[in-house]
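First comes the structure, then the notes that go with it.
Read-outs throughout are calculated quantities, based only on the coordinates presented, and are distinct from any laboratory measurement. Given the structure is predicted, the values throughout are model-derived calculations rather than measurements. Neighbour counts are summed over all protein chains in view; Cβ atoms, including those assigned to glycine, are modelled from backbone coordinates with ideal geometry.
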Amino acid sequence: MNKQICIIKNEQIKYSLENNARQYLVGKLSLPQTLNHIEDDKLEIGITSYTDFHSESPHYHTQAYEYQYIVKGTTEYMDVETGQEYTFHQGDFYVTPPGIKYAQRSQPGTEIFFIKTPPGNDKKIIENTDKVKEWLRGK
């Protein structure tokens, strides 16, 4: 890492999120993105911003811990193995450890600041049951 203070201005972040739901602020990224990020191979930091209702199919991470802070809005998780549901609102902070199999749905206007360590794409998609499909639709 550079021995200088690195800056990503608010205007740049807002602009990059206008057409992209997720942008990384820090990481060693393999895919291009709109926002110029700070290169680092120890962790990933980013922002997810959902303009509309959004759901994410069930998956788990093999190695990564995902730390998340709800900047605004509401997001919900379902542990697909136990059926337990979690609701997180503005100001809540939580961690999803590796191996937890979950689905996620977020209300319009939700913004999430996240930190992922270790970095890298370790996401494993799992089979979607009818119960989870219905839950993801918000019913």
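Details
- For the chain, the dipole from Cβ point charges (+1 on Lys and Arg, -1 on Asp and Glu) about the Cα centre works out to 180 debye, to the nearest 20.
- For the stretch 77-125: rounded, prolate or oblate by the Cα gyration tensor [a/c cutoff 1.5]: oblate
- Inter-part distance where the stretch 10-32 and the stretch 47-66 are each reduced to a Cα centre, Å: 15
- Considering only 8, 77, 136, the residue lying farthest towards the positive end of the dipole of the chain is 8, judged by Cα position with unit charges set on Cβ.
- Entry note, the chain: the mean residue ellipticity at 222 nm calculated from DSSP H runs of n ≥ 4, each adding -39500 (n - 2.57), is -3000 deg cm²/dmol after division by the residues and rounding to the nearest 500.
- Options (1) 14.6, 43; (2) 15.4, 52; (3) 19.4, 62 - which one matches Rg and Dmax of the Cα atoms in Å as calculated here: (2)
- Per-peptide average of other Cβ atoms within 10 Å, ordering 37-46, 84-93 highest first: 37-46, 84-93
- Phi to ³J(HN,Hα) by Karplus 6.51 cos²θ - 1.76 cosθ + 1.60 over the stretch 41-46, Hz, x for Gly, Pro: 9, 9, 6, 10, 10, x
- Rounded if a/c under 1.5, otherwise prolate or oblate - the stretch 38-89, Cα gyration tensor axes: oblate
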